[in-house]
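Everything on this sheet refers to the single structure shown next.
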Amino acid sequence: MEKKNIDWGNLGFAYMETDKRFVSNFKGGAWDEGALISDANVTMSECACVLQYAQTCFEGLKAYTTEDGHIVTFRPDLNAERMEASAKRLEMPVFPKERFIDAVVQVVAANEAYVPPFGSGATLYLRPYMYGKNAVIGVKPADEFEFRVFCTPVGPYFKGGVKPLTIRVSDFDRAAPNGTGHIKAGLNYAMSLYAIMSAHREGFDENMYLDPKTRTKVEETGGANFLFVTKDNKVVTPKSGSILPSITRRSLVHVAKEYLGLEVEEREVFFDEVKDFAECGLCGTAAVISPVGKIVDHEIGRAHV
């Protein structure tokens, strides 16, 4: 299929409407068959549960063109499993794993012309999501839900591409102990918007969130997990019940252990340790692997490079 006339090399991480998206509705206790549709707009009640009480979760994954021209996606099975955990935590019906994967495949196939060519530096980003659709005025879960998958071609998540990022230690908490930090709920990202814009206004690329209970341990950023490398070449990644389990991080840890023969520690990482690490990076579907050049603890004017 002929590709769309897009300047692939200069794409930012922004939404571009594509031809088709998948939609399935849950009503009367069951999901319908679902279908690919052309309309990119969503219509719902002004009192929809998602608008009143933020009952929504989502996923993010990418499709790539390989060197030999094939199109592949990266571990959609794990995205399906993570969305299942999110749905259960938010009192939403689970969209079956097999159907999740099939919906992703359908959307990629229907939008093949938008999958960036190999070597362009761009990818096709897929956004599966689910939300409470019917009118709910009392605080309770919705009864009707909609599952959708759309896609959009994207470039690098951080402006300027792969360059060392400057991060600040945030005064805000990303998630509460025993809260929803371990699932991909929309409400987690809503609470981070002020913090990220505040960081940008102060000249930082991202925030480093510490654990909300003691504020002594590294958790994650607003949209990516941390990876550290020690001076003796050991890979260390923070472990916490309020960190979103990154599928990219999981894969990088596997590659480090099984293919590179590196020792990997998934453990609590105290902020006081950060200055002693040799390298730091962010990882995630959007961030991929982004190097960190500086972490600033602005409260006491200390910088870790």
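Just the protein heavy atoms count here, and of the accessible area of the chain at 1.4 Å, carbon and sulfur take up 53 percent.
Only Lys, Arg, Asp and Glu carry charge here, each on its Cβ (+1 for the first two, -1 for the last two); on that basis region 1-104 has a dipole of about 260 debye about its Cα centre. Of all the options V50, V218, V72, the one that moves most in a Gaussian network model of the chain with Cα springs shorter than 10 angstrom is V72. Where only DSSP H runs of four or more residues are counted, the chain gives -5000 deg cm²/dmol as its mean residue ellipticity at 222 nm, each run worth -39500 (n - 2.57). Enumerate by residue number the GluC sites (Glu not before Pro) in region 48-127 meeting two conditions: DSSP loop (anything except H, G, I, E, B), and at most 16 other Cβ atoms within 10 Å of the site's Cβ. Of the GluC sites (Glu not before Pro), the ones in loops of region 48-127 whose Cβ has at most 16 other Cβ atoms within 10 Å are E67, E91. For the pair region 141-156 and region 176-216, the centres of their Cα atoms are 22 angstrom apart.
Would you please state the base-10 log of I(q)/I(0) at q = 0.16, 0.25, 0.29 1/Å for region 171-237, with intensities from the Debye formula using one equal scatterer on every alpha carbon? Once normalised to I(0) and log-transformed, intensities are -0.60, -1.16, -1.33.
Of the residues F118, A142, F172, the one whose Cα sits farthest toward the positive end of the charge dipole of region 72-184, with +1 on the Cβ of Lys and Arg and -1 on the Cβ of Asp and Glu, is F172. The mean of 1/r over all distinct Cα pairs in region 158-292, once inverted, gives the Kirkwood hydrodynamic radius of 15.1 Å. Based on protein heavy atoms only, the chain ends up with 49 Å² per residue of surface accessible to a 1.4 Å probe. In this rough spin-label picture, where each label sits 7 Å from Cα along the Cβ direction, the K4-K234 distance is 4.7 nm. Dipole magnitude for the chain: about 320 debye, using +1 per Lys or Arg Cβ and -1 per Asp or Glu Cβ, origin at the Cα centre.
Working from Cα pairs under 8 Å separated by at least six residues, relative contact order for region 210-294 is 35 percent.
Which entry is the computed P(r) over Cα pairs in 10 Å bins from 0, in percent for this structure: (1) 6, 19, 22, 23, 18, 10, 2, 0; (2) 5, 19, 22, 21, 14, 9, 7, 2, 0; (3) 6, 25, 33, 26, 10, 1? Calculated P(r) over Cα pairs in 10 Å bins from 0, in percent: the matching label is (3).
In terms of its C-alpha gyration tensor, region 32-186 comes out oblate, because a/c is 1.5 or above while a/b does not outweigh b/c. Only Lys, Arg, Asp and Glu carry charge here, each on its Cβ (+1 for the first two, -1 for the last two); on that basis region 152-268 has a dipole of about 120 debye about its Cα centre. Rolling a 1.4 Å probe across all protein chains gives H200 an accessible area of roughly 90 Å². Sorting 140-150, 30-40 by average packing, meaning the other beta carbons within 10 Å per residue, from highest down gives 140-150, 30-40.
With the whole protein complex present, I243 retains an accessible surface near 10 Å², based on a 1.4 Å probe. For M197, M83, the ranking by accessible surface with the largest value first comes to M197, M83, using a 1.4 Å probe. Over all other residues within a Cβ to Cβ distance under 10 Å of R174, the charged ones net out to -4, with Lys and Arg as +1 and Asp and Glu as -1.
What does the net charge come to around A122 if you take all other residues with beta carbon closer than 13 Å to its beta carbon, with K and R at +1 and D and E at -1?
Combined, the nearby Lys, Arg, Asp and Glu give +2.
Full extension of the chain between A35 and E17 gives 4.7 nm of extra length, using 0.36 nm per residue less the Cα-Cα distance. Just to be sure I understand: of the beta bridges DSSP finds with both ends in the chain, what percent are antiparallel, rounded to 5? Within the chain, antiparallel bridges account for around 80 percent of the total.
The values are calculated or read from the model by the stated rules, or taken from the named source; none is laboratory data. A quick note: this is a predicted structure, and the numbers were derived from the prediction, not measured. Please note: Cβ atoms are built from the backbone with ideal geometry, for glycine as well, and neighbour counts cover all protein chains shown. When the accessible area is computed, the model is the full protein with side chains, heavy atoms only, and any ligands, DNA or RNA have been set aside. Shrake-Rupley method; radii C 1.70, N 1.55, O 1.52, S 1.80 Å.
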